[in-house]
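Scroll down for the structure; my scribbles are underneath it.
The values are calculated or read from the model by the stated rules, or taken from the named source; none is laboratory data. Remember, it's a predicted structure, so these values are computed and weren't measured experimentally. Virtual Cβ from ideal backbone geometry, glycine too; neighbours counted across all protein chains shown.
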Amino acid sequence: MSIWSGIGRSEIGLVRTLNQDAFAVIDEVGVWAVADGMGGHVGGEVAAQTAITTVRTEAAASSHLLGNGQASPTEVLTDLVSRAHDAILNRARSKSKLKGMGTTIVLLAIVSGPAPIAYLVHVGDSRAYRFRSGTLTPLTKDHTLIEKYLERGILTAESAKTHPERHVLTRALGVGTTVKPTITAFPLLPDDLVLLCSDGLTKMLEDEEIRAAFAAGELDPTQACNRLVTAALDRGGEDNVTVVVVAPRSS
């Protein structure tokens with residue numbers, strides 16, 4: 001049986017003066033997360049840090065529920081996201097200059113066993129991918145206006161890349177009274193790698209370039225993480241870039 005562990009790295013980039021990204025690697029619980037504070041909004045970095053701090057605290061408190069049948073992992077993760085959302089709202093209410101702050105989040109939990117299962121919950125445009133046998137597969141769909149346009153056939157994938165509204169979110173933590181995450185689950189194989197990232201990576205690199213970085217890393221999560229961040233910075237680093245790579249290690 002394999003135990004899953006992650007490696008994370010976050011960089012401010014070459015343009016921004018503040019890093020509004022945050023991440024959590026909680027190997028002992030089997031939970032990993034990336035949050036990206038909403039650019040242009042006051043307190044984006046506070047929102048992201050609040051979300052990640054809440055996830056850390058609540059994941060540790062809920063660790064006994066994951067995988068033992070007391071509660072489904074989707075229920076646990078949905079509750080984590082809801083608590084993070086409420087924490088951001090409460091923080092904003094306590095300080096007027098933080099009003100309107102928000103963040104994306106992508107949250108992964110893996111229930112280990114002979115047939116490990118990954119559970120994903122996300123809000124916004126921070127993404128998850130799976131790298132398996134040389135193939136990169138997107139595991140999330142962005143909660144953005146552009147994604148809605150693509151689904152309705154209003155835009156082509158090529159025109160969406162330069163559309164002025166391509167980064168407008170339709171969902172975020174801390175925005176509105178309730179939050180509606182998207183939840184998915186999928187089986188994992190022994191050589192799979194899972195990537196969580198902020199859009200500072202996907203703005204700079206196409207999916208094929210992300211795949212190539214994994215392929216060059218020989219399934220080493222540290223190599224993959226560093227290759228991806230470095231590639232985004234080399235391309236211009238127009239935004240904060242945060243990457244978490246989760247991989248199995250033999251127990």
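General observations
- Residue in the stretch 111-149 that is nearest to GLU208 (Cα to Cα), counting only those that are touching a Pro at 6+ places or on another chain (Cβ under 8 Å) and not in a strand (DSSP E or B): PRO116
- Residue tally, condition part of a loop (DSSP other than H, G, I, E, B) and crowded, with 21+ Cβ neighbours inside 10 Å, over the stretch 25-62: 3
- Note on the stretch 93-110: residues that are in a strand (DSSP E or B) and surrounded by fewer than 19 Cβ atoms within 10 Å (Cβ to Cβ) amount to 0.
- Residue count, the stretch 203-222 (criterion: in a helix (DSSP H, G or I) and touching a helix residue (DSSP H, G or I) at 6+ places or on another chain (Cβ under 8 Å)): 5
- GLU75 vs. criteria surrounded by 19 or more Cβ atoms within 10 Å (Cβ to Cβ), of a type in the set (Asp, Glu) and part of a helix (DSSP H, G or I): no
- None of GLY43, GLY100, GLY30 is of a type in the set (Gly, Ala, Ser) and under 16 Å from the mean Cα position of the chain (by Cα) except GLY30.
- Residue selected from the stretch 231-240 under the condition part of a helix (DSSP H, G or I) and over 17 Å from PHE131 (Cβ atoms), by the criterion farthest from the chain's Cα centre (by Cα): ASP234
- Residue that is farthest from THR140 (Cα to Cα), among those in the stretch 165-185 that are touching a Gly at 6+ places or on another chain (Cβ under 6 Å) and of a type in the set (Gly, Ala, Ser): GLY174
- Test: residue in the stretch 167-174 that is touching a Leu at 6+ places or on another chain (Cβ under 6 Å) and at pLDDT below 90: yes
- Residues in the stretch 1-24 that are touching a Ser or Thr at 6+ places or on another chain (Cβ under 9 Å), in a strand (DSSP E or B) and under 15 Å from ARG249 (Cα atoms): SER2, ILE3, TRP4, ILE7.
- When ALA215 is tested against (1) crowded, with 18+ Cβ neighbours inside 10 Å; (2) out of contact with any Phe, Trp or Tyr (no Cβ under 6 Å at 6 or more places or on another chain), only condition (1) is not met.
- Exclusive hit being under 24 Å from LYS203 (Cα atoms) and either hydroxyl-bearing (Ser, Thr, Tyr) or touching a helix residue (DSSP H, G or I) at 6+ places or on another chain (Cβ under 6 Å) (or both), set TYR129, TYR119: TYR129
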